[in-house]
Amino acid sequence: MTPQQVQGDGRRWLPWVMAVTGMLVLLVSNGLTATALSVYDESLLNEFGWSRGELKFRDLVTFWLVALIAPFAGVFIDRLGPRRMLTIGCVLLTVGYVLYSRLDSLAMLYAIHVILALGLLGASTMTCVILISNWFYAQRGLAIGIALVGRASAASSSRR
């Protein structure tokens with residue numbers, strides 16, 4: 001269903017569902033990737049005997065890869081569309097988190113974080129903003145603001 005079809009058949013609430021969905025996607029993708037995995041740091045250090053530097057290198061892998069590939073993400077969004085990009089991103093994040101439960105080496109940890117970085121790009125702020133912009137003509141700023149609350153909430157949870 002396209003935004004034009006929604007406007008014509010009286011389902012004016014559907015774009016707002018998309019805005020809230022964008023908020024939830026950003027909350028989960030940014031919150032889990034950027035902050036929640038740190039909860040397991042002590043357990044991973046004790047279990048595998050890695051140094052803290054070796055463990056925290058995973059974050060560098062994730063965020064540097066995102067930074068390197070992000071300028072090209074717009075091309076993929078244009079070619080695949082924001083819905084497909086969000087789907088791909090969410091699937092990659094799911095695969096990464098499932099693989100985390102099977103973690104058995106430092107190399108595997110870094111490989112998982114490459115997958116998480118690619119998932120984070122698919123389920124990114126840029127993708128959500130483009131998706132929501134396609135659904136809104138009036139009140140676009142409000143709708144994008146609602147979606148970006150998910151990013152702000154994920155960032156604030158890392159400060160606790």
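The values are calculated or read from the model by the stated rules, or taken from the named source; none is laboratory data. On a predicted model such as this, the values are computed, not experimentally measured, just so you know. Note that we place each Cβ from the backbone using ideal geometry, even for glycine, and neighbour counts take in every protein chain shown. Note: areas computed on protein heavy atoms with side chains; ligands, DNA, RNA excluded. Shrake-Rupley method; radii C 1.70, N 1.55, O 1.52, S 1.80 Å.
Quick notes
- Alpha-carbon Debye profile of the chain, log10 I(q)/I(0) at 0.09, 0.17, 0.21 Å⁻¹: -0.34, -0.98, -1.33
- The relative contact order of the stretch 14-131, computed from alpha carbon pairs under 8 Å that lie at least 6 residues apart in sequence, is 37 percent.
- The chain: angle of helix 106-122 to the longest principal axis, Cα-based, in degrees nearest 10: 10 degrees
- Where the stretch 109-150 is the region considered: accessible area per residue in Å², 1.4 Å probe: 36 Å²
- Take the Cα of Val149, step 7 Å toward its Cβ, do the same at Val95, and the gap between the two points is 3.3 nm.
- Axis of helix 52-80 versus longest Cα principal axis of the chain: the two differ by about 30°, to the nearest ten degrees.
- Rounded to 10°, Cα long-axis angle of helix 14-34 versus longest principal axis of the chain: 10 degrees
- Whole-number percent relative contact order across the stretch 67-160, with pairs defined as alpha carbons under 8 Å at least 6 apart: 30 percent
- Accessible area, probe 1.4 Å, largest first, for residues Ile112, Ile88, Ile144: Ile88, Ile144, Ile112
- Convex hull (Cα only) mean projected area of the stretch 36-124, reported in nm² to one decimal: 5.5 nm²
- Placing +1 on the Cβ of every Lys and Arg and -1 on the Cβ of every Asp and Glu, with no other charges, gives the chain a dipole of roughly 500 debye about its Cα centre.
- Surface composition of the stretch 1-144: carbon plus sulfur atoms contribute 67% of the solvent-accessible area (1.4 Å probe, protein chains only, all chains present).
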